[in-house]
Each structure stands twice: as structure tokens, then as C-alpha cells.
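**Q** Next up is a structure, given as C-alpha cells.
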Amino acid sequence: MDYFKKAILGLMIFFTSTASFAQSNYERSMQAMMKGDYKTAAMQLEKAEAKTPDNARVLQMLGYSYFQNHEYEKCIATYSRLLNIKPTEVSAYYYRGIARLKIANDPKESLNTMRENFYQASLKDFTKAIEINGDEDAQMFQNRGLAYKDYAIFRSFKAKKKEEKAACIALFNNSIADFQKVLTLQPLRKDIIDWVTYDKAQIASLK
């Protein structure tokens with residue numbers, strides 16, 4: 001599912017139903033997004049957000065613009081605000097989950113000690129998105145499978161005791177389960193088959 005296209009469609013509908021309130025900023029952000037200029041889009045949406053605080057549509061598009069600009073901390077904060085207003089917005093959980101995973105995998109030095117928290121929060125976001133959206137979206141299972149895999153790798157570096165290794169194996173198995181779900185929906189995807197093979201090899205190395 002392309003959540004961004006759905007958001008754009010919603011914004012178009014919003015244009016036609018809203019006379020003028022902060023319209024110029026919306027229109028400029030829309031034009032910028034269509035050109036792939038997310039820096040300009042974010043700037044215009046920040047202006048629109050200042051005029052219409054806590055507007056769900058503005059926050060949705062602003063969060064996505066931050067995501068595309070790799071401003072993941074701002075992305076997370078914006079989507080968190082959106083979820084306070086609209087707690088069932090699946091795209092907010094989905095993109096916030098990816099943003100958290102990006103930080104966990106490539107943390108700034110100041111966030112290095114929080115990597116485990118970001119992995120866990122990312123998994124919660126993907127799980128919530130799947131819960132809301134249903135179990136027919138391969139992309140969600142793929143990203144959660146990757147999150148389980150990356151978290152398992154992170155924990156395996158410090159796993160010395162039997163119970164620590166068992167916890168890592170459980171995460172790898174969760175990753176495999178999600179990848180298998182993807183293969184049920186999209187059979188013969190070589191990239192996913194390769195990730196399953198990788199997970200199984202890591203499990204073998206921990207036994």
C-alpha cells in the first residue's frame with residue numbers, strides 16, 4: 001500500500017472542501033512534493049502548521065516530508081503529535097516505525113545508549129499498524145521482519161549466556177515468521193527468501 005499517495009489524495013480533497021485557510025502554504029507544499037522537493041514542502045507545511053495548530057492532515061504530510069528529508073527525530077515527534085489527535089492513523093505508525101528503526105541502526109552518538117528502546121518502539125509501531133490495517137499488507141510484515149532481524153543482531157553481539165542467546169533466537173524466529181507471511185502474499189521473492197536463509201544461519205550460530 002502506498003500511504004503517501006493516499007495522503008496526497010486526501011489533501012487534494014481537503015483543498016476542494018476548504019475555501020482559503022492557509023491554502024497558499026498547502027498548495028506550495030503540494031507542488032513541492034510532486035517535484036520531490038521535500039525540503040520546500042516541509043518549510044511550507046511548517047508555516048501551515050503554525051497557522052492551523054494540530055491539523056491532522058498538515059501533520060501527516062509534514063511527518064512524511066521530514067521522513068523523506070531523513071530528519072527522523074522530527075518525523076517521530078510529528079507523527080507522535082498526529083497520533084495524539086488521530087490514534088488510528090496507520091501511516092503514522094508505519095513511518096514512525098521505519099524512522100525509529102533508521103535511528104536504531106544508524107544512531108547519533110547522543111542516542112547510542114537508547115538503541116534498544118528505538119528497536120522496541122519500532123516493533124511496537126509496526127505491530128500496531130498491522131493490527132489496525134489487517135494482515136494483507138506485505139510491506140508491513142517485511143519491515144517488521146527486518147526490525148526483528150536487526151534487533152536480534154544488535155542483541156546477539158552481547159549474548160553470552162544461554163538465556164540471552166535464546167532471546168535472540170526468539171527474535172530471529174519472529175523475523176522468519178513475518179518473512180514467511182510476506183512469501184504467502186508474494187511468493188518467490190528472492191530477497192525475502194535470502195533473509196529467511198540469513199535468519200536461519202544466525203540461529204544456527206547461536207546454538
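The values are calculated or read from the model by the stated rules, or taken from the named source; none is laboratory data. Note that the structure is a prediction, hence the values are computed from the model and not measured. Don't worry about glycine lacking a Cβ; one is built from the backbone with ideal geometry, like all the others, and counts go over all protein chains shown. For accessibility, only protein heavy atoms count, side chains too; no ligands or nucleic acids. Shrake-Rupley method; radii C 1.70, N 1.55, O 1.52, S 1.80 Å.
**Q** Mean separation of Cα pairs under 8 Å and 6+ residues apart, divided by the residue count of the chain: what relative contact order is that in percent? Could you put the intermediate results ahead of the total?
**A** Working: 232 pairs, mean separation 24.8, N = 207.
With pairs under 8 Å counted, the relative contact order is 12 percent.
**Q** Express the carbon and sulfur contribution to the solvent-accessible surface of the chain as a percent, rounded to the nearest whole number, probe 1.4 angstrom.
**A** Carbon with sulfur: 53 percent of the solvent-accessible area.
**Q** Evaluate the charge dipole of region 102-164 about its Cα centre and quote only its size in Debye, nearest 20, assuming +1 on the Cβ of each Lys and Arg and -1 on the Cβ of each Asp and Glu.
**A** On the way: 12 positive and 11 negative charges, 91 e Å.
The dipole magnitude comes to about 440 debye.
**Q** Once all Cα-Cα distances of region 168-207 are split into 5 Å bins that start at 0, what whole-number percent is in each one?
**A** For region 168-207, the binned pair fractions read 6, 28, 31, 19, 11, 4, 0 percent.
**Q** Under 14 Å from the Cβ of Lys128, count the other residues' Cβ atoms, weight Lys and Arg +1, Asp and Glu -1, and hand me the total.
**A** With Lys, Arg at +1 and Asp, Glu at -1, the net is 0.
**Q** Taking the chain as a Gaussian network, where each spring joins two C-alpha atoms under 10 Å apart, which residue of Met61, Met43, Met34 fluctuates the most?
**A** Highest fluctuation among the options: Met34.
**Q** Something else: For the chain, what is the accessible area per residue in Å², given a 1.4 Å probe and the full set of protein chains?
**A** I get 52 Å² per residue for the chain.
**Q** Let me ask something else about it. Which value in Å does the Kirkwood hydrodynamic radius of region 55-119 take, with 1/r averaged over all unlike C-alpha pairs and then inverted? Present the calculation step by step, with values, prior to reporting the outcome.
**A** Working: mean 1/r = 0.0853 Å⁻¹.
Its Kirkwood hydrodynamic radius stands at 11.7 Å.
**Q** What translational diffusion coefficient, in µm²/s and rounded to a whole number, does the Stokes-Einstein relation yield for region 139-207 at 4 °C and a viscosity of 1.567 mPa s, taking the hydrodynamic radius as the Kirkwood radius over Cα pairs?
**A** This corresponds to a translational diffusion coefficient of 109 µm²/s.
**Q** If you rank Lys51, Lys160 by how much accessible surface each has, with a 1.4 Å probe, what is the order from largest down?
**A** The ordering from most to least exposed comes out as Lys160, Lys51.
**Q** Taking loop as defined by DSSP and a crowding limit of 15 other beta carbons within 10 Å, which trypsin sites (Lys or Arg not before Pro) in region 96-157 fit?
**A** Lys108
**Q** Now for a different question. Among the chymotrypsin sites (Phe, Trp or Tyr not before Pro) within region 71-164, which fall in a DSSP loop and have no more than 11 other Cβ atoms within 10 Å of their own Cβ? List each step's numbers first, then the result.
**A** On the way: sites: Tyr72, Tyr79, Tyr93, Tyr94, Tyr95, Phe118, Tyr119, Phe126, Phe141, Tyr148, Tyr151, Phe154, Phe157; in loops: Phe157.
Those satisfying the criteria are Phe157.
**Q** Next question. Which one, Ser29, Thr127, Pro53, is farthest towards the positive end of the dipole of the chain when Lys and Arg carry +1 and Asp and Glu -1 on their Cβ?
**A** Of the candidates, Thr127 comes out farthest on the positive side.
**Q** Follow-up question, since we're still on this one. Based on the Kirkwood radius over alpha-carbon pairs, what value in µm²/s does the Stokes-Einstein equation return for the translational diffusion coefficient of the chain at 25 °C and 0.890 mPa s? Don't jump to the answer; show the numbers that get you there.
**A** Working: Rh = 18.3 Å.
For these conditions, the coefficient is 134 µm²/s.
**Q** I need the calculated FRET efficiency for the pair Glu163 and Glu116, taking r as the beta carbon distance and R₀ as 22 Å, to the nearest 0.05.
**A** Computed FRET efficiency for Glu163 and Glu116: 0.85.
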